[in-house]
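The block underneath contains the structure these notes are about, expressed in C-alpha cells.
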Amino acid sequence: QAQLVESGGGLVQAGGSLRLSCAASNVPFGRYTMGWFRRAPGKERELVAASWAFGTTNYATSVKGRFTIARVNANNTVYLQMNSLKPEDTAVYYCAARLEGSGRLQYDYWGQGTQVTVSS
C-alpha cells in the first residue's frame, strides 16, 4: 500500500522555524509531483508548495521567501523548511503525491497530516 507519513510539526513562537518531513513508501517517487498542503481553522485547503520530479518548484504567494520545499528522491523523502513563521501559518499540514503525465490535476495519495501551531 502506498503510504505518506508526515513528521516535524509542533508548537513554535512567531518568528521561529520548523522543518516538516514526509516519508513515502510504495510510491514511484521519481515519477510523482510532491506537494505540501495545509488547512487552517475555518479556511479551505490550499497548496503551499509543490516539487515536480524534474526539479521545478512553486509556492503560494503567502509563503514565498519564507518556505522552501526540497526532495531527496534517493530517500523517498520531501521536506518543507518553514522560516519566519506567523500565527496565520497555523494549520494541519499534509503531504501529497500526484502521478506526472496522467493529465490529471488531482493528487493521488495523502498523508494523515501534522499539526503546526504558531503562537504570538
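The values are calculated or read from the model by the stated rules, or taken from the named source; none is laboratory data. As the structure is a computational prediction, the values presented were derived from the model and not from experiment. Cβ atoms come from the backbone with ideal geometry, glycine included; neighbour counts cover every protein chain shown. In case anyone asks, the SASA skips ligands and DNA or RNA and just uses the protein heavy atoms, side chains included. Shrake-Rupley method; radii C 1.70, N 1.55, O 1.52, S 1.80 Å.
Numbers below:
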| quantity | calculated |
| --- | --- |
| With DNA, RNA and ligands ignored, accessible area of TYR109 (1.4 Å probe; Å², nearest 10) | 80 Å² |
| Whole-number percent relative contact order across the chain, with pairs defined as alpha carbons under 8 Å at least 6 apart | 36 percent |
| Whole-percent carbon and sulfur share, accessible surface of the chain, 1.4 Å | 47 percent |
| List ASP108, ASP89, ordered by accessible area with a 1.4 Å probe, largest first | ASP108, ASP89 |
| Contour excess over end-to-end distance, with Cα ends at LEU47 and THR77 and 0.36 nm allotted per residue | 9.0 nm |
| Area of SER102 that stays accessible when all protein chains are in place (1.4 Å probe, Å², to 10) | 50 Å² |
| Net charge of Cβ neighbours under 14 Å - reference ARG39; Lys, Arg +1; Asp, Glu -1 | -2 |
| Normalised per residue, the volume of the convex hull around the Cα set of the stretch 63-120 (Å³) | 116 Å³ |
| Accessible solvent surface per residue of the chain, calculated while the other protein chains remain in place, 1.4 angstrom probe, Å² | 53 Å² |
| Cα radius of gyration and Dmax for the chain (Å) | 13.6, 43 |
